[in-house]
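**Q** Pasting a structure here, questions to come.
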Amino acid sequence: LESSSIILRSVWRHLVSEHPTMTNTSSHRSRMRVPLSQKVTSVALRTGGRVAPWLPLPLADLTAVGITKFLRHSMRDRRFMVERHMRRCLGDSASSSQVNKAVDAAFASYANYWVETFRLGGYSPGHIESIFKVEGFHHVENSTRGGRGVVVALPHLGQWEIAGAWLALQGYRLYAAAEELEPRELFEWFLKLRRDRFGMNIISASDPNVTQKLLDALDAGGVVALPADRDLSKHGPKVEFFGEETTMPAGPANLALEAGVDLLPGACMEKGNWRYQAVVYPAIKVPSTGTKAEKIAAMTQDLANVFEATIKQYPEQWHLFQPNWPSDREALKRWKQARERGF
């Protein structure tokens, strides 16, 4: 179970970073080939994608436990970063024991996320309805009246895939942008998994026309869901988040303004025993004055405030394993240097 496809997917970046890329020396021009770890991961994922949906609950529990143990002991740099994030969530008064407990719980929640993501394909509509509840869905209904689209911004919290599956069952057309994986065939497989099983239309974030495609989706009355607590570009609006300045992606606010639709914060949390509770918050207010950039900045800060309040309630379900503040990158650099010196 610990060597299952879900483990490989969860430690994808960890594996890729530790295996050199092979080159084709027989070619006139040396070309990059797919790393062996990526090939193994791609094959294992496809196998796991077919097997996992039929796992009975006891085996699903055992799989999640195995993944948790593997992740805790193999992804040390990620653990260091999660410790920093948990300290932010829990506050300065939290003891080391409380922080470590929250870190272990975060890895367990991440393992559950991947187990459930693969199991979703075997769920009937009735079963999804029975394990998923949502609060505040009237905000989506109100925002989409008359065929209008809506932007839903989410943190990497809990289990958002099942929320997308449930939304599709209600007859909504769901669109999202996703960071592209390598090799390309793995990304294509993942797109097909989400499209066929969950009714999601995924657009590569690296697509030069991604913004226009999402705007077209909104114009057609679609629901565009975007993760918005991590700024991959590092050039988004500056916000105060957990008492420290960082940046967040401008995309959600920009799309809402461009399309003239509402921007709704949302989240989906685990409630135990493979059951889930989603919440949709009221629309972010659009400032009545200011430039477009100033409006985007203000709306993004409001998003950050909602995210922070929600994450503080469920810190152990925050699947943020990467540096997210400027100070994180410097701290991680010092930590790695200390490890290299044997400290």
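**Q** If you scan segment 106-133, which residues turn out to be small (G, A, S), assigned to a helix (DSSP H, G or I) and surrounded by fewer than 18 Cβ atoms within 10 Å (Cβ to Cβ)?
**A** Scanning segment 106-133 gives G121, G122, G126, S130.
**Q** I would also like to ask the following. Please specify each residue of segment 301-320 satisfying the condition of being of a type in the set (F, W, Y) and assigned to a helix (DSSP H, G or I).
**A** F307
**Q** So which of L332, L264, L255, L303 ends up being on the phi < 0 side of the Ramachandran plot and touching a His at 6+ places or on another chain (Cβ under 6 Å)?
**A** Working: L332 fails: touching a His at 6+ places or on another chain (Cβ under 6 Å); L255 fails: touching a His at 6+ places or on another chain (Cβ under 6 Å); L303 fails: touching a His at 6+ places or on another chain (Cβ under 6 Å).
Only one candidate qualifies: L264.
**Q** Report yes if D229 is crowded, with 19+ Cβ neighbours inside 10 Å and touching a strand residue (DSSP E or B) at 6+ places or on another chain (Cβ under 7 Å), otherwise no.
**A** Against the criterion (crowded, with 19+ Cβ neighbours inside 10 Å and touching a strand residue (DSSP E or B) at 6+ places or on another chain (Cβ under 7 Å)), D229 does not qualify.
**Q** Here is a follow-up. Sort through A163, A168 and tell me the only one that's touching a Cys at 6+ places or on another chain (Cβ under 6 Å), of a type in the set (A, V, I, L, M), in a helix (DSSP H, G or I) and closer than 25 Å to W274 by Cα.
**A** Within the list A163, A168, the selection yields A163.
**Q** Tell me which of these R195 doesn't satisfy, since it passes every other one: (1) touching a residue at least 12 places away in the same chain (Cβ under 8 Å); (2) closer than 26 Å to G126 by Cα.
**A** Every listed condition holds for R195 apart from (1).
Yes or no, residue by residue, for (1) over 19 Å from L193 (Cα atoms); (2) of a type in the set (A, V, I, L, M, F, W, C):
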| residue | (1), (2) |
| --- | --- |
| S109 | yes, no |
| N142 | yes, no |
| G146 | yes, no |
| A153 | yes, yes |
| G164 | no, no |
| L167 | no, yes |
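**Q** Have a look at T246, T300 and point out the one that is among the β-branched types (V, I, T), modelled with pLDDT of 95 or more, surrounded by 19 or more Cβ atoms within 10 Å (Cβ to Cβ) and over 24 Å from V150 (Cβ atoms). Walk me through how you get there before you give the answer.
**A** On the way: T300 fails: over 24 Å from V150 (Cβ atoms).
Within the list T246, T300, the selection yields T246.
**Q** Looking at (1) crowded, with 21+ Cβ neighbours inside 10 Å; (2) among the acidic types (D, E); (3) in a helix (DSSP H, G or I), which one does E270 not meet, given that it meets all the others?
**A** In the conditions (1) crowded, with 21+ Cβ neighbours inside 10 Å; (2) among the acidic types (D, E); (3) in a helix (DSSP H, G or I), E270 misses (3) alone.
**Q** Select from segment 188-220 the residues that are out of contact with any strand residue (DSSP E or B) (no Cβ under 7 Å at 6 or more places or on another chain) and under 25 Å from R119 (Cβ atoms) and write down the one among them that is surrounded by the most Cβ atoms within 10 Å (Cβ to Cβ). Can you show your working first?
**A** Applying the first criterion (out of contact with any strand residue (DSSP E or B) (no Cβ under 7 Å at 6 or more places or on another chain)) to segment 188-220 yields 188-190, 192-193, 196-198, 206-209, 211-212, 215-216, 219-220.
Checking the rest, the ones that are also under 25 Å from R119 (Cβ atoms) come to 188-190, 192-193, 196-198.
Details: E188: 13, W189: 15, F190: 18, K192: 12, L193: 20, D196: 10, R197: 20, F198: 22.
Within segment 188-220, the match that is surrounded by the most Cβ atoms within 10 Å (Cβ to Cβ) is F198.
**Q** Could you please find all residues in segment 280-300 being part of a helix (DSSP H, G or I) and touching a residue at least 60 places away in the same chain (Cβ under 8 Å)?
**A** A297, T300
**Q** Let me ask something additional. Just the residues that are outside any helix (DSSP H, G or I) and more than 24 Å from E240 (Cβ to Cβ), please, taken from segment 321-343.
**A** Listed by number, the residues that qualify are R341, G342, F343.
**Q** Still on this model: Sort out which residues of segment 214-238 are within 18 Å of G146 (Cβ to Cβ), touching a residue at least 12 places away in the same chain (Cβ under 8 Å) and not in a strand (DSSP E or B), and write them in order of number.
**A** Residues satisfying the conditions are L215, A217, L218, D219, A220, G221, G222.
**Q** Just need a number here: residues in segment 71-88 that are buried (at least 20 other Cβ atoms within 10 Å of the Cβ) and not basic (K, R).
**A** Final tally of qualifying residues: 5.
The values are calculated or read from the model by the stated rules, or taken from the named source; none is laboratory data. The model shown is predicted, which means the values in this text are computed figures rather than measured ones. A quick note on method: Cβ atoms are made from the backbone with ideal geometry, for glycine too, and the neighbour counts reach across all protein chains shown.
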